[in-house]
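*Asks:* Handing you a structure now.
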Amino acid sequence: MTGTIGASVKRREDDRLLTGRGRYLDDLDLPDALAIAFLRSPHAHAKINSIDVDEALQAPGVVAVYRGSDLMAIHKPLAPKVQHPMLKELPRYPIPCEEVHYVGEPVAVVVAENRYLAEDALELIDVDYDVLPAISSTAAALAEGAPLAHSDADSNVAVTLTQRCGDAEAALNSAPNRLSGEFRVMRGGGHSMEARAVAARFEPATGQVTVWDTTQSPHYARQQLSMIYEMAEDDIRVIAPPDVGGGFGPKAQFYGEEVVVPWVAMLLGRTVKWVEDRQENFVSAMMERGQTHRIEVGFDDDGKLLAVRDHIEHDQGAYCAGLQVPSITTSTVPGPYKIPNIHTELYACYTNMVPTSSVRGAGRPQAVFAMERMMDRIAEHLDLDPAEVRRRNLIQADEFPYRVGITFRDGSPLTYDSGDFPALLEGTLDKLDYERCKRERDQARAEGRHVGIGIAVYVEGCGLGPYEGAKLRLDNRGKILVTLAAAGQGQGYETVYAQIAAEAIGVDMDLIEVVTGDTGRIPFGQGTFASRITATAGPAVYNAGHQLRERLKDTAAHLLGCAPGDIEFDGDRATFAGDAEKSVSLQEIARVANIGKHGITLPKGIKPAIEVSSYFAPERAAYASGAHAAVVEVDPDTGGVKVLKYVIGHDCGNVINPRLVDGQVIGGFAHGIGNALYEEPVYDAEGQPQAASYLDYTLVSAAEVPRVELFHLHTPSPLNPLGAKGAGEGGTIPAPAAIANAVEDALRSIRHRGGVEDGRPDHSGKQPPGGRARHRLEGDADGARSATIQRSPRIDYAPVTPHRVATAVREAGH
Amino acid sequence: MTDNITVTVNGKQHTATADDRLTLADFLREKLRLTGTHLGCEHGVCGACTIIVDGSAVRSCLMLARQADGAELETVEGLAEGGKLNRLQQAFKDNYALQCGFCTPGFLMSVTAALREGPVRDEDEARDVLSGNICRCTGYQGLVDAVLETSKEMHS
Amino acid sequence: MKPGRFTYHAPRSLDAALALLAEHGDEAKVLAGGQSLVPMLNFRLAQVDHLVDINRIGPEFAGPKVTGDTVTIPALVRQRVLERSAEVAAVLPVFAAALPQVAHPQIRNRGTVCGSCAHADPAAELPTVMSVVDSTFRIASARGTREVDAADFFQFHLTTALEPDELLTEVAIRVPQPGTRMAFKEFATRRGDFALVAVAASATVDESGTVTACRIAAAGVAPTPQRLHDAEAVVIGSTVDDEAIAAAEAAASAAVDPTGDIHATAEHRRRLTAVLVRRALAEIKGDQS
């Protein structure tokens, strides 16, 4: 063992990226490539009467213009990634011919000498539309008598997903305490700094098409293209370039543009390239997040959860690209808590906005937001410390595997594999210095400042199947080539998988090269999504590495005349028990076993072709977990929120490269801060995007993201030989909940201003008896229990933008 | 209209044609094939296309190539010294200040210009220097550390 | 996001620039820093036939000048240059306070002070500051020159007194009287964003500490920077005491009639105006809040 697993090895990718030698799609030298631009619908919902392209065809530099009706051979619906038998599927065509369903949907494509000329031609295409009523929220979609988002559908509901465990209804009715809340999480985007891009080149001599695609899932893309084009999969080579500028989910989806661009290359016999610009990205890259939760909890007087019922509206967007997000939401609600009775009911709605699918966090931040906001409300109701309420409900470390009682999105019963939630929470609170923070908060309140503390805990299903694979080969130069189907977008695969391979084979990392994301190099793969690659491709590389080690030792032993067990590796040489005199280089091994001598029989005992492959299929998902704690200060005058301190406790099992895991967590956290406080792609009532530039869609900069203190636990997953879980999303998932909890806590200090206690701020940090804010319960017959008194401002939205804080303060009567 | 323009990039003079409307970023990428400068938003917010023009860090997506006629330009391709990462580049690597790397050239050029103006003394100043560029991967902590470390080395 | 077709002109003198503007009128647009115009061109929200790049009209337009009782800021003074001018800061420190809140250094390195004024974004910082200092906008065209003050220059959302053939050649600012203090307060979503609301205030106090002159203007609440005359009136004659500040805050709140948008409701903008007026006056008074 070389001990490379677990070491913070510096990234191999960095030198080229730091010197401007990265090879992102638009950097690839594709001589004479034509530029493609898409004409996109300016309407959220409209019937297409006619499209006149004559003038555009005459424009300088234009090579071709196609409408949907000109490309009938590929006029086939794109399949949702994750299906459901009850899903009312509406066809999503690469370029629709009859009706458009969101602003940004492609209606025509221009091919020209360069992008400037292509955009000129877009302005010359004349489309005659009949504008139809649009749906721009789930509330509008579900309203009685609502117009239809798709004219030929019979309802705006795509699917209803229900999860049940026990009898939540009965448990809520008999619970000593019952609280409800309504929470809305707004849409948010992926916003990789490199937008999407596709280039394609057709080789008439071989009948093969090569597709460069910024996709997170090249094999998925190839499979879809193979079906739509009715071509053999081996005639389509999809390459995710060596450098892809971020993914975060939207690039894991499959889009119409990915069908159109290679097809146009084949039609024209020319190399073509489409590089999505930011304006397009805002209206055509899939988004996520939009959900409304009406959640109700029942609990005893100690704060122990008895039941949770959550009614969820999910904004599916104009089409269903897959049900992964809503199904993850339903199974994330219970989190790390023991809840005997669970009932979630999800209504996925069609709307006239960009389709939604996974964005870093993928359905989890919303569920955690609803649940963790309620945990704070329980604490407030019972006058308990929010940490204590959580403590009393956590699944204990000796209760794994823990069956929650509902089903995860991978199809298996939601069963937490391992973890130590109490240690995670306590460790996070210790790192925060919770008691001191509480004292400081109370002191600040005494000075008239508005400081609050927020905690949020979560469990994250990750490491999903079905499988991922790796091919390891001793190449003819004596290097070991690790080929992954998985494509990276900045995670450092070239480094991490060299570490795993080096450890498994028992050689130096220097001897290992890693290539990724090319269907021409490895036949099977799934893709980078759902924080799954370390826990799937990792074991595949690890297992293949062990096999390769045996092959190398076996060959070397034959060449050196010893037993395989006597072979030790030293640099690039296999030695007999470390003796340099009795050794053979890896290149010599390759020469014998791989290159051979033309027509000459192999030496006795030598097995040909030192190549192994391994596919790892996890039995079921693994579960990472974490706890976030935030201290914020709110300025109720401006609505501004400043994060004073932030601690993340994170458990993703065993880690391969600790610094890279830190990077994943902290990077995910920045995205979470965006969702918590800033990012919102607002649509108006007509479905027109209102925040389609970075002046209006506020991505966070270094000035907005606070420093994070990290605390790690490593409870290995028993489901794979590395004990690894996913690390890519935990930083994001609970951040909106932790921040909202902290903001609401900060605003508790203004509850009594001008109220019962007339102007005197509450210095205790506790609620005075009888001063507890209580939510009026819908349909609650017990009037005494639902008495509403003056309450502190409520934070029911993510993001908590300044105007939402200001509105909450005002609505609370201050 | 198209005209020839002459620019000096990283000390080397180039003459090439530029359409009136060609942006400086596209000129560098398409005409000179210096593809280290990236386009992230083309409206001046993300900072990925930041280069140094006559000593000042600017957005190359918001300048026309014709405007740069006669100018001295510095791009990410010119930072390494004798084939080795320079101090700032090395600090980026040592502090894990990049992941996907797409925004990195813009950050490097912004920080290069800022550090020439003077030291960056503390975390707040570092965050201010970095705030004109967007990174979606790292959460900025490594970038802050890299700036402070380099400033300390350069200005101590 | 590539700009539409246009003809690029790079005149080598002011006269040449004015001649081009006279020739092309409505079909021309002046390119100075380009930090607002080029994004609009890239989005194709703006399309022009002729772009008149004034960056080569002469080095004499590149630096601010302080002469006697006047600070002049010619057409090519970059925002960053003004921000760092010690000479200007000595007499008009409000620019050094306001400019760091204008976007980011990379933008201020190109963006010009006059360009920001001519663009006249209602949420921009510089027009607001220009509305509280004693500023004169000097305008030239082939037809001649003229001068207007801030109240007349800023006419509407993205609209100024400039005719299509005119160029803002410089802004001249009278050095404030002794005893004048200024403050600039802004609330923006992120660092460098356009203000949700910004307030610039200026007050001149006599030896007894009584305010003899006061100007307050807000950005983000109206189609142009809005002078808050009622608030100014309650400050004049006061010692900027708590009572006067509270009255100014109330007057400011009553005076503005902002519209809501996706970033802030009308009510939030009104509240911000009052809060920022209070904070600006408190700073003028010397409080730390």
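*Asks:* Among the strands (runs of 3 or more DSSP E) confined wholly to the stretch B:1-111, which include 2 or more residues that are of a type in the set (A, V, I, L, M, F, W, C) and closer than 30 Å to A:Asp32 by Cβ? Steps first, answer last, please.
*Replies:* Numbers: elements: B:2-9, B:12-19, B:50-53, B:56-59, B:72-74.
Answer list for the stretch B:1-111: B:2-9, B:12-19.
Residue-wise test of (1) on the phi < 0 side of the Ramachandran plot; (2) modelled with pLDDT of 95 or more; (3) more than 24 Å from the chain's Cα centre (by Cα).
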{"position": "A:Phe400", "(1), (2), (3)": "yes, yes, yes"}
{"position": "A:Asp410", "(1), (2), (3)": "yes, no, no"}
{"position": "A:Gly452", "(1), (2), (3)": "yes, yes, yes"}
{"position": "A:Ala456", "(1), (2), (3)": "yes, yes, no"}
{"position": "A:Leu472", "(1), (2), (3)": "yes, yes, yes"}
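*Asks:* Can you pull out every residue in the stretch A:668-703 that is within 13 Å of chain B (Cβ to nearest Cβ) and among the polar types (S, T, N, Q)?
*Replies:* Residues of the stretch A:668-703 that are within 13 Å of chain B (Cβ to nearest Cβ), as a first pass: A:668-675, A:678-679, A:691-703.
Result: A:Asn675, A:Ser693, A:Thr698, A:Ser701.
*Asks:* Pick from the stretch C:20-40 the residues that are closer than 19 Å to C:Ala10 by Cα, touching a Leu at 6+ places or on another chain (Cβ under 8 Å) and within 12 Å of chain B (Cβ to nearest Cβ): which of them is surrounded by the fewest Cβ atoms within 10 Å (Cβ to Cβ)?
*Replies:* First, the residues of the stretch C:20-40 that are closer than 19 Å to C:Ala10 by Cα: C:20-38.
Still in the running and touching a Leu at 6+ places or on another chain (Cβ under 8 Å): C:21, C:28-32, C:34-35, C:37-38.
So of that shortlist, the ones also within 12 Å of chain B (Cβ to nearest Cβ) come out as C:31-32, C:34-35, C:37-38.
On the way: C:Leu31: 23, C:Ala32: 28, C:Gly34: 25, C:Gln35: 27, C:Leu37: 21, C:Val38: 25.
The selected residue is C:Leu37.
*Asks:* Hey, another quick one. Go through the stretch B:118-129 residue by residue and tally those that are under 17 Å from B:His155 (Cβ atoms) and either in contact with a Cys (Cβ under 9 Å, 6 or more places away or on another chain) or at the interface with chain C (Cβ under 10 Å from one of its Cβ atoms) (or both).
*Replies:* Of the residues in the stretch B:118-129, 2 are under 17 Å from B:His155 (Cβ atoms) and either in contact with a Cys (Cβ under 9 Å, 6 or more places away or on another chain) or at the interface with chain C (Cβ under 10 Å from one of its Cβ atoms) (or both).
*Asks:* Return the total of residues in the stretch C:168-182 being in contact (Cβ under 8 Å) with a residue 60 or more places away in the chain and either closer than 13 Å to C:Pro64 by Cα or surrounded by fewer than 24 Cβ atoms within 10 Å (Cβ to Cβ) (or both).
*Replies:* First, pick out the residues of the stretch C:168-182 that are in contact (Cβ under 8 Å) with a residue 60 or more places away in the chain: C:168-176, C:181-182.
Within this subset, residues satisfying the condition of being either closer than 13 Å to C:Pro64 by Cα or surrounded by fewer than 24 Cβ atoms within 10 Å (Cβ to Cβ) (or both) are C:169-176, C:181-182.
Matching residues across the stretch C:168-182 total 10.
*Asks:* Would you check which residues across the stretch C:69-126 are of a type outside the set (A, V, I, L, M), more than 13 Å from the chain's Cα centre (by Cα) and more than 14 Å from chain B (Cβ to nearest Cβ) and list them?
*Replies:* C:Asp69, C:Thr70, C:Thr72, C:Pro74, C:Ser85, C:Glu87, C:Pro93
*Asks:* Considering every residue within the stretch A:284-297, establish whether at least one is in contact with an Asp or Glu (Cβ under 9 Å, 6 or more places away or on another chain), in contact (Cβ under 8 Å) with a residue 60 or more places away in the chain, over 26 Å from A:Glu144 (Cα atoms) and not in a strand (DSSP E or B).
*Replies:* Looking through the stretch A:284-297, at least one residue is in contact with an Asp or Glu (Cβ under 9 Å, 6 or more places away or on another chain), in contact (Cβ under 8 Å) with a residue 60 or more places away in the chain, over 26 Å from A:Glu144 (Cα atoms) and not in a strand (DSSP E or B).
*Asks:* Among A:Ala670, A:Ala692, which is touching a residue at least 24 places away in the same chain (Cβ under 8 Å), hydrophobic (A, V, I, L, M, F, W, C) and outside any loop (DSSP other than H, G, I, E, B)? Steps first, please.
*Replies:* Numbers: A:Ala692 fails: outside any loop (DSSP other than H, G, I, E, B).
Being touching a residue at least 24 places away in the same chain (Cβ under 8 Å), hydrophobic (A, V, I, L, M, F, W, C) and outside any loop (DSSP other than H, G, I, E, B) holds for just one of A:Ala670, A:Ala692, which is A:Ala670.
*Asks:* Okay, moving on. So for the stretch B:108-117 (the condition being at the interface with chain A (Cβ under 9 Å from one of its Cβ atoms), touching a residue at least 12 places away in the same chain (Cβ under 8 Å), surrounded by 24 or more Cβ atoms within 10 Å (Cβ to Cβ) and under 20 Å from A:Thr19 (Cβ atoms)), does at least one residue qualify? Talk me through it step by step, then tell me what you get.
*Replies:* Our first condition is that a residue be at the interface with chain A (Cβ under 9 Å from one of its Cβ atoms); within the stretch B:108-117, this holds for B:108.
Going one step further and asking which of them are touching a residue at least 12 places away in the same chain (Cβ under 8 Å), we end up with B:108.
Cutting the leftovers down to surrounded by 24 or more Cβ atoms within 10 Å (Cβ to Cβ) gives us B:108.
Pick out the ones that are also under 20 Å from A:Thr19 (Cβ atoms) and you get B:108.
Taking every residue of the stretch B:108-117 in turn, at least one turns out to be at the interface with chain A (Cβ under 9 Å from one of its Cβ atoms), touching a residue at least 12 places away in the same chain (Cβ under 8 Å), surrounded by 24 or more Cβ atoms within 10 Å (Cβ to Cβ) and under 20 Å from A:Thr19 (Cβ atoms).
*Asks:* Check whether at least one residue in the stretch A:704-719 is buried (at least 20 other Cβ atoms within 10 Å of the Cβ), more than 25 Å from A:Gly317 (Cβ to Cβ), more than 14 Å from chain B (Cβ to nearest Cβ) and among the small types (Gly, Ala, Ser), and report yes or no.
*Replies:* Yes, the conditions are met somewhere in the stretch A:704-719.
*Asks:* Just one of A:Leu34, A:Leu18, A:Leu25 is within 11 Å of another protein chain (Cβ to nearest Cβ), in contact with an Asp or Glu (Cβ under 8 Å, 6 or more places away or on another chain) and buried (at least 23 other Cβ atoms within 10 Å of the Cβ); which is it? So that I can check it myself, show each step before the final result.
*Replies:* Values: A:Leu34 fails: within 11 Å of another protein chain (Cβ to nearest Cβ); A:Leu18 fails: in contact with an Asp or Glu (Cβ under 8 Å, 6 or more places away or on another chain).
Residue meeting the stated conditions: A:Leu25.
*Asks:* Show the residue pairs meeting these rules: Cβ distance below 9 Å; 6+ apart or different chains; first residue within the stretch A:595-614 and without any contact (Cβ under 8 Å) to a residue 12 or more places away in the chain; second residue assigned to a loop (DSSP other than H, G, I, E, B).
*Replies:* A:Leu602/A:Gly596; A:Leu602/A:Pro608
*Asks:* Next up: Find the residue count for the stretch A:443-463, including only residues that are buried (at least 17 other Cβ atoms within 10 Å of the Cβ) and assigned to a helix (DSSP H, G or I). Please lay out each step first, then the result.
*Replies:* Keep residues of the stretch A:443-463 that are buried (at least 17 other Cβ atoms within 10 Å of the Cβ), which gives A:444-445, A:450-463.
From the residues that got through so far, the ones that are assigned to a helix (DSSP H, G or I) too are A:444-445.
Matching residues across the stretch A:443-463 total 2.
*Asks:* Write out, first by first residue and then by second, each pair whose Cβ atoms fall under 7 Å of each other, whose residues are 6+ apart or on separate chains, and whose first residue, in the stretch B:52-73, is over 12 Å from B:Asp26 (Cβ atoms) and more than 9 Å from chain C (Cβ to nearest Cβ) while the second is among the hydroxyl-bearing types (Ser, Thr, Tyr) and crowded, with 17+ Cβ neighbours inside 10 Å.
*Replies:* B:Ile52/B:Thr112
*Asks:* Then there's this: In this structure, is A:Gln526 among the polar types (S, T, N, Q) and over 19 Å from A:Leu474 (Cβ atoms)? Explain how you work it out, then say what you get.
*Replies:* Details: among the polar types (S, T, N, Q): yes; over 19 Å from A:Leu474 (Cβ atoms): yes.
Against the criterion (among the polar types (S, T, N, Q) and over 19 Å from A:Leu474 (Cβ atoms)), A:Gln526 qualifies.
*Asks:* Return the pairs, sorted by first residue and then second, in which the second residue is assigned to a loop (DSSP other than H, G, I, E, B), the first residue lies in the stretch A:421-439 and is of a type in the set (D, E, K, R), the beta carbons are less than 7 Å apart, and the residues are 6+ apart or on different chains.
*Replies:* Sorted first by the residue in the stretch A:421-439, then by its partner, the pairs are A:Lys438/A:Gly765.
*Asks:* Can I ask one more? If you check every pair at least six apart or on different chains, which have Cβ atoms under 6 Å apart with a residue in the stretch A:500-515 that is without any contact (Cβ under 8 Å) to a residue 40 or more places away in the chain first and a residue that is among the basic types (Lys, Arg) and part of a loop (DSSP other than H, G, I, E, B) second?
*Replies:* A:Glu513/A:Lys479
*Asks:* Let me ask something else. So, C:Gly4, is that one part of a loop (DSSP other than H, G, I, E, B) and within 8 Å of another protein chain (Cβ to nearest Cβ) or not?
*Replies:* Here the answer is yes, as C:Gly4 does meet what is asked.
*Asks:* Here's another thing I want to ask about it. Return yes when C:Ala103 is on the phi > 0 side of the Ramachandran plot and either buried (at least 23 other Cβ atoms within 10 Å of the Cβ) or outside the structural domain of C:Pro39 (by TED's automatic domain parsing) (or both) and no when it is not. Can you show your working first?
*Replies:* Numbers: on the phi > 0 side of the Ramachandran plot: yes; either buried (at least 23 other Cβ atoms within 10 Å of the Cβ) or outside the structural domain of C:Pro39 (by TED's automatic domain parsing) (or both): yes.
In short, yes.
*Asks:* If you don't mind, another one. Looking at the stretch B:135-155, I want the residues that are more than 10 Å from chain A (Cβ to nearest Cβ) and have a partner that is surrounded by fewer than 19 Cβ atoms within 10 Å (Cβ to Cβ) and not in a helix (DSSP H, G or I) with Cβ atoms under 7 Å, at least 6 apart or on another chain. Which pairs are those?
*Replies:* Hits for this filter: B:Ser151/B:Pro119; B:His155/B:Pro119.
*Asks:* Continuing with this model, one more query. Kindly list the number of the only condition in (1) under 17 Å from B:Leu130 (Cα atoms); (2) within 10 Å of another protein chain (Cβ to nearest Cβ); (3) of a type in the set (S, T, N, Q) that fails for B:Thr35.
*Replies:* The single condition B:Thr35 does not satisfy is (1).
*Asks:* Tell me which residues, restricted to the stretch B:11-38, are under 18 Å from B:Glu74 (Cβ atoms), touching a helix residue (DSSP H, G or I) at 6+ places or on another chain (Cβ under 7 Å) and surrounded by 17 or more Cβ atoms within 10 Å (Cβ to Cβ).
*Replies:* Once the filter is applied, which keeps residues that are under 18 Å from B:Glu74 (Cβ atoms), touching a helix residue (DSSP H, G or I) at 6+ places or on another chain (Cβ under 7 Å) and surrounded by 17 or more Cβ atoms within 10 Å (Cβ to Cβ), the stretch B:11-38 yields B:Thr23, B:Leu24, B:Ala25, B:Phe27, B:Leu28, B:Leu34, B:Thr35, B:Gly36, B:Thr37, B:His38.
*Asks:* Among the residues of the stretch A:350-365, is there at least one that is assigned to a strand (DSSP E or B) and not assigned by TED's automatic domain parsing to the domain that holds A:Pro401? Talk me through it step by step, then tell me what you get.
*Replies:* So the first thing to find is which residues in the stretch A:350-365 are assigned to a strand (DSSP E or B), and the list is A:350, A:356.
Imposing the further condition that a residue be not assigned by TED's automatic domain parsing to the domain that holds A:Pro401 reduces the set to A:350, A:356.
Among the residues of the stretch A:350-365, at least one is assigned to a strand (DSSP E or B) and not assigned by TED's automatic domain parsing to the domain that holds A:Pro401, which makes the answer yes.
*Asks:* Consider C:Ser253 carefully, then state whether it is surrounded by fewer than 22 Cβ atoms within 10 Å (Cβ to Cβ), of a type in the set (Ser, Thr, Tyr) and part of a helix (DSSP H, G or I).
*Replies:* Values: surrounded by fewer than 22 Cβ atoms within 10 Å (Cβ to Cβ): yes; of a type in the set (Ser, Thr, Tyr): yes; part of a helix (DSSP H, G or I): yes.
The answer is yes for C:Ser253.
*Asks:* Here are some residues: B:Arg116, B:Arg136. Which one is of a type in the set (Lys, Arg) and not in a loop (DSSP other than H, G, I, E, B)?
*Replies:* Values: B:Arg136 fails: not in a loop (DSSP other than H, G, I, E, B).
Going through B:Arg116, B:Arg136 in turn, just one is of a type in the set (Lys, Arg) and not in a loop (DSSP other than H, G, I, E, B): B:Arg116.
*Asks:* Determine which single condition A:Glu581 fails, assuming it passes every other condition in (1) closer than 26 Å to A:Lys438 by Cα; (2) in a strand (DSSP E or B).
*Replies:* (1)
The values are calculated or read from the model by the stated rules, or taken from the named source; none is laboratory data. All figures in this text were calculated on a predicted structure; none of them were measured in a lab. Cβ coordinates were reconstructed from backbone atoms using ideal geometry, including for glycine residues, and neighbour counts include every protein chain displayed.
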